[in-house]
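For reference, the structure is listed below as structure tokens.
FYI, it's all coordinate maths here, none of it is from the lab. All values reported here derive from a predicted model rather than from experimental measurement. Cβ sites come from the backbone with ideal geometry, for glycine too, and all protein chains shown count toward neighbours.
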Amino acid sequence: MKEMQELEKILVEELAKHFSTMVDLRVYENLPVILENGEEELMNRLGRVTLKSPQMVVINFSDNPAVIKAAKLALQKSALNVNPQQEGIALYIQVPKMSRERREQLAHSAKHVLFNDFKKALNDVYSKYDKKSSLMSKTHDEATHTRNVLLSLKHSMEMKGAERLEESRVALLKEVN
């Protein structure tokens, strides 16, 4: 139960980040970058992420200029819909304006990506505790009852997540530019 509630908190945080109409630097800072040696690092560990203007993000790689190519590739492959421009040891990212079309795209991607990840995580927790309860149950009826309780909890958490997603989606589509 506690793990499922934690997953719901994570979903709410991700929805807030995903549906924000303002530029959130955490999106860029927490972007995973696969380096040439195969290691994965977060963008904020490789360069300094700053907001130059309301529509421009700059990532300065003065401490680590060798990773610019990998960082640029990570930005292009991300779902951020940005095209970084390199100037010396910095990447300049023009943030797309929040048009109606962009809002609809965010809403659509949230439904498919964020909600599916949430459901997958809930299924993983359900499977983990279902196996655990099956091993610990003394009778078949007890195991069946526990499984049914877990399943109903999982379904109720999925419904809560879907409601939160829909609330966020409706709020985003209502906003006027």
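Out of curiosity, is Leu7 within 30 Å of Leu150 (Cα to Cα) and surrounded by 16 or more Cβ atoms within 10 Å (Cβ to Cβ)? Yes; evaluated as a whole, the condition is true for this residue.
Among residues of the range 151-176 that are in contact (Cβ under 8 Å) with a residue 60 or more places away in the chain, those with a Cβ under 8 angstrom from a residue that is outside any helix (DSSP H, G or I) and among the polar types (S, T, N, Q), sequence gap 6+ or separate chain, pair up as Leu172/Thr21; Glu175/Thr21. The residues of the range 96-108 that are in contact (Cβ under 8 Å) with a residue 60 or more places away in the chain and part of a helix (DSSP H, G or I), listed by number, are Arg100, Arg103, Glu104, Leu106, Ala107.
Note on the range 28-95: enclosed strands (runs of 3 or more DSSP E) holding 2 or more residues that are closer than 24 Å to Glu14 by Cβ and among the aliphatic types (A, V, I, L, M) are 32-34, 48-53, 56-60.
Quick check: is even one residue across the range 137-148 under 24 Å from the mean Cα position of the chain (by Cα), buried (at least 16 other Cβ atoms within 10 Å of the Cβ) and of a type outside the set (S, T, N, Q)? Looking for residues that are under 24 Å from the mean Cα position of the chain (by Cα), buried (at least 16 other Cβ atoms within 10 Å of the Cβ) and of a type outside the set (S, T, N, Q), one finds none in the range 137-148, hence no. Taken residue by residue, the range 50-73 has no member that is within 30 Å of Glu158 (Cβ to Cβ) and of a type in the set (A, V, I, L, M).
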